[in-house]
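A.B. asks: Quick one: this structure, given as structure tokens, is what I'll be asking you about.
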Amino acid sequence: MYETLTTNDIADKLLADENAGWSRAGAYALAEYLQELEGNIGEEFELDVVALRCEYSEYPSAAEAVKDHNEDIYNEIANDANELYENGPFKDALVKEHIERECLQWYNDNYWAQSFKGGVLVRNY
């Protein structure tokens, strides 16, 4: 027997898991992603908040996720960004934007990541 859950229901159940530490925005982003995935594959999922806590993590940025996962890759991306924007106006903002974009791309090339307003969700593999 399955109960059909709304995005709000899923997010509320994710937020109720005190061990996960999801932000409200992160929980909603994950709920929306799971619903989209369910629709794309045409198969219903059983909501298992413990499994989701183990499979996905939330970070304030893709750069933080990559740094936590592989600091050498983060340093390589950061060095490339600093060399690319060595001189010029707005260097700090451009470097930060470049690092974030490249870290998100790296994570998606190797695992899975989805940005949302306020952070990024990543798959833990």
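A.B. asks: Treating cross-link reach as a plain straight distance, find the lysines whose alpha-carbon is under 26 Å from the alpha-carbon of residue 13, omitting any fewer than eight places away in the same chain.
C.D. replies: 117
A.B. asks: Next question, about the same structure. In Å², and per residue, what accessible area does the range 18-73 have when probed at 1.4 Å with the other protein chains present?
C.D. replies: Numbers: 3360 Å² over 56 residues.
Normalised by residue count, the accessible surface of the range 18-73 is 60 Å².
A.B. asks: For the range 2-63 and the range 71-86, what is the separation of their C-alpha centers, rounded to whole Å?
C.D. replies: Using only Cα atoms to place each centre, the spacing works out to 32 Å.
A.B. asks: Further question on the same structure: Given a 1.4 angstrom probe, I'd like the percentage of the accessible area of the range 18-118 that is carbon and sulfur, rounded to a whole number. If you can, show how the numbers build up before the last one.
C.D. replies: Values: 2850 of 6550 Å².
Percent of accessible area from carbon and sulfur atoms in the range 18-118: 44.
A.B. asks: Calculated FRET efficiency, residue 90 and residue 117, Cβ-Cβ r, R0 30 Å, to nearest 0.05? Spell out each step's value before the answer.
C.D. replies: Working: r = 23 Å, r/R0 = 0.75.
Plugging the Cβ-Cβ distance into 1/(1 + (r/R0)^6) gives 0.85.
A.B. asks: How do 98, 69 rank by accessible surface area computed with a 1.4 Å probe, from largest to smallest?
C.D. replies: Working: 98 25, 69 75 Å².
Correct descending sequence by accessible area is 69, 98.
A.B. asks: Here's a follow-up. Under the rule a/c < 1.5 gives rounded, and otherwise a/b versus b/c splits prolate from oblate, where does the range 55-125 land using the Cα gyration tensor? Mind dumping the intermediate values first?
C.D. replies: Working: a/c = 2.75, a/b = 1.78, b/c = 1.54.
Taking the square roots of the gyration eigenvalues as a ≥ b ≥ c, the range 55-125 is prolate.
A.B. asks: I want to check the label-to-label distance for residue 46 and residue 73. Put each point 7 Å from Cα in the C-beta direction and report it in nm to one decimal.
C.D. replies: Rounded to a tenth, the inter-label distance reads 3.2 nm.
A.B. asks: Output the relative contact order of the range 1-120, whole-number percent, from Cα pairs under 8 angstrom with separation of 6+ residues. Mind dumping the intermediate values first?
C.D. replies: Numbers: 96 pairs, mean separation 32.7, N = 120.
Computed value for the range 1-120: 27 percent relative contact order.
A.B. asks: Only one of the values (1) 0.97; (2) 1.04; (3) 1.07 was calculated from this structure for Rg/Rh (Cα atoms, Kirkwood Rh); name its label.
C.D. replies: Structure-derived value, by its label: (3).
The values are calculated or read from the model by the stated rules, or taken from the named source; none is laboratory data. On a predicted model such as this, the values are computed, not experimentally measured, just so you know. Every residue, glycine as well, gets a Cβ built from its backbone with ideal geometry; the counts of neighbours run over all protein chains shown. These area figures cover heavy atoms from the full protein model, side chains too; ligands, DNA and RNA do not enter into them. Shrake-Rupley method; radii C 1.70, N 1.55, O 1.52, S 1.80 Å.
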